[in-house]
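Reviewing the structure listed below.
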Amino acid sequence: YFRNSVNAGETKYNALGVYVALDADIDMASVDWSVNIGDDCNATFDGIFDGKNFTIYNLTATETAKKADGYICTGLFGAIYGNAVVKNLTIENVTINAPYAGNNVAAVVGFAYNAAGSIENVKVTGVNINAPNATGVGAIVGYDYNGSSLKVVNCEVDGSAIEGKSYVGGLVGYASSKIALNKNTVENVSVTATGSVGAIAGIMLAGGSADGNTVKNVAL
């Protein structure tokens, strides 16, 4: 219901500053997630999503058709905008299947558009991302666009396999010129791409920053 409301543009659920929180763990094994929160990169989530340290399990997101504009926007959140915040959340056992050419694929946020908020205290484990034709692929954020000071802080990626075409990273795929990646951990992860690949970011534009991050046992 929350996803559908955001995608319909209902401001009660997606307006700037709206606060949404989990109050229990959620097992999504039986949920069809071929449509994501902010699925078409136009109806974005602009509020605050607080996981309250609960866990979302067994999420499978599969793109079933190629989108005309090429913006895949696949993940728990397909797209966020502005001062949106995603925090205090664990996502465990995630499979992302995005076979088509395009961009913006991640377990947490596929596309951060003009994002000046934060993704903080988010852990993803047991993630398998299969996006061999996609650009901008990562575990936490696929593509950070337009350099509006997004902060990715105290996030953790563990025991995961991430595959994309280019700009593919263990944490963030495409990192813009104002992003800040601080105090994150990437470990026991394989990252595969044909071009522009990294343990933290597939590419970071000049002006972006990365401080105090930890990388352990990452295969590129």
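Give the residue that is farthest from residue 80 (Cα to Cα), with candidates limited to residues of the stretch 36-55 that are part of a loop (DSSP other than H, G, I, E, B) and open to solvent by 60 Å² or more (accessible area, probe 1.4 Å).
40
I'd like the residue in the stretch 155-174 that is part of a loop (DSSP other than H, G, I, E, B) and not basic (Lys, Arg) and, out of all such residues, is farthest from residue 72 (Cα to Cα). Walk me through it before giving the result.
Taking the stretch 155-174 as the starting set, the residues that turn out to be part of a loop (DSSP other than H, G, I, E, B) are 155, 164-165, 170-171.
Keeping just the survivors that are not basic (Lys, Arg) gives 155, 164, 170-171.
Numbers: 155: 23, 164: 13, 170: 19, 171: 18 Å.
In this case the residue turns out to be 155.
Determine whether the stretch 118-129 contains at least one residue that is at pLDDT below 95 and small (Gly, Ala, Ser).
no
Which one is most open to solvent (accessible area, probe 1.4 Å), of the residues in the stretch 199-220 that are small (Gly, Ala, Ser) and under 17 Å from residue 158 (Cβ atoms)?
219
May I ask you to verify whether residue 177 is part of a strand (DSSP E or B) and small (Gly, Ala, Ser)?
So residue 177 fails the test.
The values are calculated or read from the model by the stated rules, or taken from the named source; none is laboratory data. On a predicted model such as this, the values are computed, not experimentally measured, just so you know. Note that each Cβ is placed from the backbone with ideal geometry, even for glycine, and that neighbours are counted across all protein chains shown. SASA here: full protein model, heavy atoms, side chains in, ligands and nucleic acids out. Shrake-Rupley method; radii C 1.70, N 1.55, O 1.52, S 1.80 Å.
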